[in-house]
Amino acid sequence: VQLQASGGGVVQAGGSLRLSCAASGRLFNMNSMGWYRQAPGKQRELVASIPYGGSTNYADSVKGRFTISRDDAKNTVYLQMNSLKPEDTAVYLCKIEDFFVKETYWGQGTLVTVSS
């Protein structure tokens, strides 16, 4: 399984971006999809996650501004980011955990830069 992330770019503070991550290959329904981010000099952190048939989970710093969703027919996970702040600047990476085959897959990352 390979993940292809897209949608990053440069945006002014207060703007919006929508990230997509499409998985190619066989995925089983018992999986969780998520977005992480890593800013320069900082540790990777969970932004949001959405398990199959379960409830979403968000980092406190993005609650109310970001929305994660998934389209299982397309094996794709999205991250809608609104009211972006300069501190949201980071490389955003998607992750899929397939619990049926006990595998974890990572995308290559997409850079989001928010200017003040």
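Converting phi to 3J(HN,Hα) with the Karplus coefficients 6.51, -1.76 and 1.60 and the offset θ = phi - 60°, the range 91-102 yields 8, 9, 10, 9, 9, 10, 9, 9, 6, 5, 9, 6 Hz in sequence order, with x at every glycine or proline. For the chain, the relative contact order comes to 37 percent (Cα pairs under 8 Å, sequence separation of at least 6). For K74, a cut-off of 29 angstrom between C-alpha atoms picks up these lysines, skipping any fewer than 8 places away in its own chain: K63, K95, K102.
Coupling constants for the range 50-61 follow from the phi torsions by the Karplus curve (6.51 cos²θ - 1.76 cosθ + 1.60, θ = phi - 60°), and in residue order they are 8, x, 5, x, x, 8, 7, 9, 10, 5, 4, 5 Hz; glycine and proline get x. Summed over the residues of the range 60-116 and divided among them, the accessible surface reaches 51 Å² per residue at a probe radius of 1.4 Å. Counting other C-beta atoms within 10 Å, and keeping those with at most 15, which DSSP coil chymotrypsin sites (Phe, Trp or Tyr not before Pro) do you find in the range 15-114? Of the chymotrypsin sites (Phe, Trp or Tyr not before Pro), the ones in loops of the range 15-114 whose Cβ has at most 15 other Cβ atoms within 10 Å are F28, Y52, F99, F100. Amide H contacts for F66 (H built 1.01 Å from N in the peptide plane; partners 5 or more residues away or on another chain; cut-off under 5 Å): N82. Extension gain, F28-K85: 0.36 nm per intervening residue step, less the Cα-Cα distance, totals 17.0 nm. Per-residue 3J(HN,Hα) values for the range 37-45, derived from phi via the Karplus relation 6.51 cos²θ - 1.76 cosθ + 1.60 with θ = phi - 60°, read 9, 9, 8, x, x, 10, 6, 5, 9 Hz in sequence order (x marks Gly and Pro). Counting charges near V114 (Lys, Arg +1; Asp, Glu -1) among other residues having Cβ under 13 Å from its Cβ returns a value of +1.
For the chain, the Cβ-based charge dipole about the Cα centre amounts to some 100 debye (Lys, Arg positive; Asp, Glu negative; other atoms uncharged).
The values are calculated or read from the model by the stated rules, or taken from the named source; none is laboratory data. These figures come from a predicted structure and were not determined experimentally. FYI the Cβ positions are ideal-geometry reconstructions off the backbone, even for glycines, and counts take in every protein chain you see. Accessible surface is based on the protein model in full, side chains and every heavy atom, while ligands, DNA and RNA are left aside. Shrake-Rupley method; radii C 1.70, N 1.55, O 1.52, S 1.80 Å.
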